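A short worksheet on the structure shown next.
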Amino acid sequence: MLLTVLIAAAACIAMLGLVFFFPSVSVRRYFISTYWFAPLVGGVLLWLLGRISGEEILEGLTQGGGINPLQLLVLFLSMTLLSVFLDQAGFFRWLASKVLRHAGSSQKKLFVSLYLMVSVLTVFTSNDVVILTFTPFLCFFSKGAKIDPLPFLVSEFVAANTWSMGLLIGNPTNICLCTSGEVDFLSYLQVMWLPTLLAGTVSFFVLWLMFRKSLQKPMEASDDHPRLEDLPAVITAIVHLAVCILLLVFSNFLAMPMWLITLVCFISLYVSMTLYLLARKKGLKMITDSFRRAPWEIIPFVLSMFVVVLALRKAGATEALASLLTQGNGILTFGVSSFLAANLVNNIPMSVFYSAVVAAVPSSEAAGALFAAVAGSNLGAYLTPIGALAGILWMSLLSRYGVKMSFGKFIRCCAPVSLCSMAAALLGLWIVV
């Protein structure tokens, strides 16, 4: 078991090293993220050393029950592409411009409106898409309005990673953990609505206390008159997203797997919009740009991490950790440990590993352990920049747009909010579960 654990640990450490010191490579003017190289090498090494066989890997990838990484990837990428197309159609930017215009010259009003808007969008779309879309927009706006961008950027990042707990589709870590426990869309909502509401409310008030003095200063009112460039495309995308979410709510009653629902909705949107754009002679840039923005590198990343976790499970590491964490209150031990583990290895590898750990927990304690790990994967994303890939990408974006955000400054701004929100979420879980 020791060799397997050492290889897995080395793969995670190497992944973080790549993220911080060598985040991408350029191939014919295209930049490819490197973070997935280390887990891939780790998985191949475990296979070559006989820690796991090819037959065991194939069986794990094609299993019908529990976590199926191929179905997980289809579900996540389909939902992401639905959200990305909505952004490409200009909906997010139009909505943000409306909020800025509504705020007038009041930073306080803008702060509240922005937090609410990001929270709602994250619940129904994807936290990563919202963060990567709004960050450049807020940097440009703050510079033009001559205000400190920090309160709004931190608020956006915290809101996206807190309210992503609300629905199963809000974060790939939710999907990873809950498909392993065969939790359907509605069952997830029944448990997580209260922890999300408590964590979201607490995060807002902590942020307000932190930035209240800075928000008292007036700003230049926005004179932008936003309008949607392609209203039919926006309406079509919103309808597809709404139908997808509605079908996911009733997926258990319809006896339809969630991955199939999201796949059908994704195909329907992209086929219909391709025909529409060709008929209107607008070209397919909106389609091609959407595919270009999709995080395709998550495919080798998740599959490689899955192989690493299979090897750890075979070696008995997951059962050993499950036995240790069930010594105390499962909600507290799984919540705190996943919250901290996300900041050691990143929240996606943590979620893949914890999905196997939760599978080894007695059924009477599994629900509390599973949902506590969900909370840890979301709220641990802003304890430190290591907590989520979105945090590392976010800091990179800020640097590109001239906003200074060091590792220490990130912790000073976000860690207090993260700790308070996690305490509120675990309280909510204790009440519900």
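Return one whole number: the accessible area per residue of the chain in Å², for a 1.4 Å probe.
With all protein chains present, the chain gives 43 Å² per residue.
DSSP H helices in the chain with Cα extent of 20 Å or more along the helix axis and mean Kyte-Doolittle hydropathy at least -0.5? Could the numbers behind the result be given before it?
Working: long enough: 2-21 (28 Å, 2.71); 69-88 (28 Å, 1.59); 107-124 (26 Å, 1.37); 127-145 (26 Å, 1.10); 185-211 (36 Å, 1.64); 231-249 (27 Å, 2.72); 258-279 (32 Å, 2.03); 298-315 (25 Å, 2.08); 330-345 (21 Å, 1.68); 363-379 (25 Å, 0.89); 407-432 (35 Å, 1.60).
Span-like helices, by this rule, are 2-21, 69-88, 107-124, 127-145, 185-211, 231-249, 258-279, 298-315, 330-345, 363-379, 407-432.
Could you grab the relative contact order for segment 50-166? Cα pairs under 8 Å, six or more apart, rounded to a whole percent. Each step should come with its number before you reach the end.
Details: 80 pairs, mean separation 28.2, N = 117.
In percent, rounded to a whole number, it is 24.
Where the convex hull is taken over the Cα atoms of segment 346-402, what is its projected area averaged over directions, in nm²?
Its average projected convex-hull area is 3.8 nm².
Quick one: with all protein chains in place, what share of the accessible area of segment 112-184 is carbon or sulfur, to the nearest percent (1.4 Å probe)?
After summing per-atom areas, the C and S share lands at 71 percent.
Quantify how much of the Cα-Cα distance distribution of the chain extends past 30 Å, in percent.
Working: 39661 of 93528 pairs.
Across the chain, Cα pairs with separations above 30 Å total 42 percent.
So for each of 302-308, 250-256 I average, over its residues, the number of other beta carbons within 10 Å; can you give me the resulting order with the highest mean first? Can you show the working numbers first?
Values: 302-308: 24.7, 250-256: 12.4.
Final packing ranking: 302-308, 250-256.
So what are the three principal axis dimensions of segment 32-89 from its Cα atoms, in whole Å, longest to shortest?
49, 31, 12
What is the local net charge at A160, summed over the other residues whose Cβ is closer than 14 Å to its Cβ (Lys, Arg +1; Asp, Glu -1)? Could you put the intermediate results ahead of the total?
On the way: positive: none; negative: D87, D128, E156.
With Lys, Arg at +1 and Asp, Glu at -1, the neighbours total -3.
Probe 1.4 Å, all protein chains in place: accessible area of Y276 in Å², nearest 10?
Accessible surface of Y276 is approximately 50 Å².
Can you give me the % of accessible surface on segment 276-433 that is carbon or sulfur? Probe 1.4 Å, all protein chains present, nothing else counted.
Roughly 67 percent, rounded to a whole number.
If one computes P(r) from the Cα atoms of segment 336-433, what percent of pairs lie at distances over 17 Å?
That tail contains 52 percent of the Cα-Cα pairs.
What's the Cα-based Rg to Rh of segment 141-255, Rh via Kirkwood?
With Rh from the inverse mean 1/r over Cα pairs, Rg/Rh is 1.08.
At q = 0.10, 0.16, 0.18 Å⁻¹, work out log10 I(q)/I(0) for segment 73-204 with the Debye formula, treating every Cα as an identical point scatterer and leaving solvent out; two decimals please.
Scattering profile of segment 73-204, log10 relative to I(0): -0.33, -0.80, -0.97.
Could you give the C-alpha radius of gyration of segment 226-307 expressed as a fraction of 2.2 N^0.38 Å, taking N as the number of residues it contains?
On the way: Rg = 15.7 Å, N = 82, 2.2 N^0.38 = 11.7 Å.
Cα Rg divided by the expected 2.2 N^0.38 Å: 1.33.
Can you tell me the order of 167-177, 41-51 when each peptide is scored by its average per-residue count of other Cβ atoms within 10 angstrom, highest first? Kindly include the intermediate steps, with their values, before the conclusion.
Numbers: 167-177: 27.5, 41-51: 16.9.
Going by the mean number of other Cβ atoms within 10 Å, highest first, we get 167-177, 41-51.
Summarise the accessible area of segment 46-101 (1.4 Å probe, protein heavy atoms) by the percent that is carbon and sulfur. Walk me through the numbers on the way to the answer.
Working: 1340 of 2270 Å².
That fraction is 59 percent.
What list of whole percents do you get for P(r) of segment 58-110, with Cα-Cα distances grouped in 10 Å bins up to the one holding the largest distance?
All Cα pairs considered, the percentages come to 21, 25, 20, 17, 12, 5.
With respect to the cross-link table entries K146/K282; K146/K281; K285/K409; K146/K285; K109/K143, which display a Cα-Cα separation exceeding 30 Å? Working shown, then result.
Working: K146/K282 37 Å; K146/K281 41 Å; K285/K409 39 Å; K146/K285 34 Å; K109/K143 18 Å.
With Cα atoms farther than 30 Å apart: K146/K282; K146/K281; K285/K409; K146/K285.
Let me cross-check E365: its accessible surface, 1.4 Å probe, with only protein heavy atoms counted, in Å² to the nearest 10?
Approximately 70 Å² of E365 is accessible to the 1.4 Å probe.
Answer rounded, prolate or oblate for segment 173-328, using the Cα gyration tensor with square roots of eigenvalues a ≥ b ≥ c: rounded when a/c is under 1.5, else prolate when a/b is larger than b/c, else oblate.
Values: a/c = 1.96, a/b = 1.22, b/c = 1.61.
Verdict is oblate for segment 173-328.
Counting alpha carbon pairs within less than 8 Å and at least 6 residues apart, what relative contact order, in whole percent, applies to the chain?
RCO, the chain: 24 percent.
Would you list D230, D128 from the most to the least accessible area, probe 1.4 Å?
On the way: D230 10, D128 50 Å².
My answer, sorted largest first, is D128, D230.
Over all directions, average the projected area of the Cα convex hull of segment 1-158 and note it in nm². Don't jump to the answer; show the numbers that get you there.
Values: hull surface 53.0 nm².
It is 13.3 nm².
What percentage of all Cα-Cα pairs in segment 290-390 are separated by more than 23 Å?
Result: 26 percent of Cα pairs exceed 23 Å.
Would you calculate, for the chain, the mean residue ellipticity at 222 nm contributed by helices, counting each DSSP H stretch of 4 or more residues as -39,500 (n - 2.57) and dividing by all residues, to the nearest 500? Present the calculation step by step, with values, prior to reporting the outcome.
Values: 21 runs with 326 residues, N = 433.
Helices in the chain give a 222 nm mean residue ellipticity of -25000 deg cm²/dmol.
The values are calculated or read from the model by the stated rules, or taken from the named source; none is laboratory data. Please read all numbers here as calculations on a predicted model, not as lab measurements. Using ideal geometry, Cβ is built from the backbone for each residue, glycine included, and neighbour counts are taken over all protein chains shown. Surface accessibility is based on the protein's heavy atoms, side chains included, excluding ligands, DNA and RNA. Shrake-Rupley method; radii C 1.70, N 1.55, O 1.52, S 1.80 Å.
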